[in-house]
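Worksheet for the structure shown next.
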Amino acid sequence: MNTLTTLTTLGGLPELLDYDFMRRALLAALLVGIAAPMVGVFLVQRRLSLIGDGMGHVALAGVAVGVFTDTAPVLTALVAAVLAAVLIELIRARGRTSGDVALAVMFYGGIALGVVIISKSTSSTPANLTAYLFGAITTTSNGDLWVFAVLAVVVVATTWLLRPRFFAVANDEEYARATGMHVTALNLVLAILTAVTVVVSMRIVGLLLISALMIVPNAAAQLLAGSFRTAIRYAVAIGVISSVGGVTGSFYAETPSGGTIVIVAIGIFLLASIGTSVRARVVSRRHQRAEHHPHEHGLGCGHPAVAHGDHVDYLHDGHRHAPHAGHYDEHDPRVHAQTADESETAAETTAETRSS
Amino acid sequence: MLHVTTGAASGPGREPILSLRSAVFGYADRAVVADVTLDVRQGEVVALLGPNGSGKSTLVKGLLGLNSHLGGEVELFGTPMRQFRDFTRLGYVPQRHTLSASVRATVTEIVAIGRLPHQSWWGRPGRTDQRLIDRALDLVGLEDRAREDVSTLSGGQQRRVLIARALAAEPDVLIMDEPTAGVDAASQQVLAEVLARLAAQGTTMLIVTHELEALRDIVSRIVLVGEGHLRFDGTPADFVLAQRRQQDLILAHEHHHHDDDSDVSQAPGVLSTPHGPLEQPAQKRGVES
């Protein structure tokens, strides 16, 4: 299905770009595809994956107020989402168990209020509501696009700038506080960035699905990457592929853009998880654990260290021990000598295991 | 192996790094540890002992500004705590059983956090930062694991990552909360070696611990906290003597009053009894040298 989308994208690209609304939609998708996973990785890190979903609920109340009073729904949604973000962070910072219930009341209150107010508005139809909830590519106006573009650039720039500090706070809040970082302010900024991302993504992905674009690309990237730095890059790449691919797909399949984007993202996640589990199985078949010993190898531990590709082996009674996930693997010296460059294949071994 | 930093390292006349006078720390308005008078000087390796709930963690967190300073005077590097802003001089190693494994993070990425307070908002790690990160990893013996995901490391190795993170900030004193707790004997041995290496370099350390045995060769001074107050402050040798003396006293006491063995029930040999002989003015270090 992925290749199908790619093929149609390539073949039908000129036709696609003939439409004004599609050009706008694709640009908006690109912005959202970059911003959402960038902010989302810190939500994943702080185990707050569902917080964006709640902000989307509250933003709907903002949209409804905008539709009802005939003011720009984007601005009213932005105000509602940012207020919700600040409130969520304050409730969370107090750390009471009742905070969880308070959040639930706020989220459901938001969506209920939104549905009721929109139903009373003269200018709206049920289709209008669906467009906000699940995304509709035809609804992005020129004025909207400018607002989205400016907001998205602000979100991406701020997140990039504060990335090391967001990472530090999400990793160990207490340590960050002890080193004098402004932890509460940083958490508040992250919450507001999340709220802005929700509103920017509202037209393309929809308020009910926006959280998925923040979280799912990161879930896939976590499977593929080896460090936080590369994980962010992968997540942004997957986010852009999903959002641009999803918008394109929704044009041809005449489906809601939000759902299509999220299905593409989940498809990538499933491919990534199948791929990594197959790879893990192959690797574990080739890898042999060394005998357990309480001694820990390190440079200067007495066992000669030998650089081996991306890691270090230790000569231990004639065989090589390579550190791996809390234990040691046997790395065969003969295989090693022949294929010094191909570190992966050197895991195969016949070395006997004995205790030292 | 024996890197014992003796009293000579903390000769008189030097400004204390940490200076507490009748300090009170706690949460909100509730005092947990009170009336703490203590000076820590450069080069000292102080073990902060005490049973669970005695207030030793509250004391070190109080020094780091992580809870409320409710009374008394606290000076950090000669600056009253209220005005103190140079937090990077205090290297905090928190008590963690595991590092957060919610996302991928390499050992280097975690240790690099220690350099953050030295960088501007828009700055990124430079050559000096990289060098200090490498040196910190070298000191804790994890230079060969720098690019690995921290969640694949053992508990003891993750503790060393936290020590490296604190070291990367180039602190003037390391404040560690239970660095050896909950790891197996072999890892504890490696951790003790790391701490010995630091002590040999003259690193000032304040170590909250339950396991004095693992650190016996490293500490130059022992401070005992019990029920929110200091119960003992002196050299390891004095500590052993005091322990023995108290045991004798308890035994003698028990001999005379067979009915009253409440003191003995409070863990004999541990100097935490509220009515023990050590409740009187804690032995002041610095006088003896």
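The values are calculated or read from the model by the stated rules, or taken from the named source; none is laboratory data. It should be emphasised that the depicted structure is a prediction, and the values quoted were computed from it without experimental measurement. Neighbour counts run over all protein chains shown; Cβ positions are idealised from the backbone, glycine included.
Per-structure values
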read-out	value
Subset of the stretch A:174-206 that is without any contact (Cβ under 8 Å) to a residue 60 or more places away in the chain and of a type in the set (A, V, I, L, M) - its residue that is surrounded by the most Cβ atoms within 10 Å (Cβ to Cβ)	A:ALA178
Residues that are modelled with pLDDT of 80 or more and in a loop (DSSP other than H, G, I, E, B), drawn from the stretch A:253-296	A:GLU254, A:THR255, A:PRO256
Cβ pairs under 6 Å, 6+ apart, first in the stretch A:226-252 and assigned by TED's automatic domain parsing to the domain that holds A:VAL205 and in a helix (DSSP H, G or I), second buried (at least 18 other Cβ atoms within 10 Å of the Cβ) and basic (Lys, Arg)	A:PHE228/B:ARG104; A:ALA231/B:ARG104
Residue within the stretch B:175-182 that is part of a strand (DSSP E or B) and out of contact with any Phe, Trp or Tyr (no Cβ under 9 Å at 6 or more places or on another chain) present	no
Members of the stretch B:135-150 found to be in contact (Cβ under 8 Å) with a residue 12 or more places away in the chain and acidic (Asp, Glu), listed by number	B:GLU148, B:ASP149
Members of the stretch B:59-104 that are of a type in the set (Lys, Arg) and within 13 Å of chain A (Cβ to nearest Cβ)	B:LYS61, B:ARG85, B:ARG89, B:ARG96, B:ARG104
Matching residues in the stretch A:186-238 - criterion: being under 25 Å from A:ILE137 (Cβ atoms) and of a type outside the set (A, V, I, L, M, F, W, C)	A:THR194, A:THR197, A:SER201, A:ARG203, A:GLY206, A:SER211, A:PRO217, A:ASN218
Test result for B:ARG104, surrounded by fewer than 19 Cβ atoms within 10 Å (Cβ to Cβ), of a type in the set (D, E, K, R) and at negative phi	no
Residue in the stretch A:117-126 that is within 18 Å of A:LEU78 (Cα to Cα) and either out of contact with any Asp or Glu (no Cβ under 8 Å at 6 or more places or on another chain) or not assigned by TED's automatic domain parsing to the domain that holds A:LEU31 (or both) present	yes
Residues of the stretch B:118-169 classified as basic (Lys, Arg), outside any helix (DSSP H, G or I) and under 16 Å from B:ALA105 (Cα atoms), total	1
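Residue-by-condition table, conditions (1) of a type outside the set (Gly, Ala, Ser); (2) farther than 24 Å from A:ASP313 by Cα:
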site	(1), (2)
B:ALA112	no, yes
B:ARG115	yes, yes
B:ARG127	yes, yes
B:ARG131	yes, no
B:GLY156	no, no
B:ALA164	no, no
B:LEU167	yes, yes
B:MET176	yes, yes
B:SER187	no, no
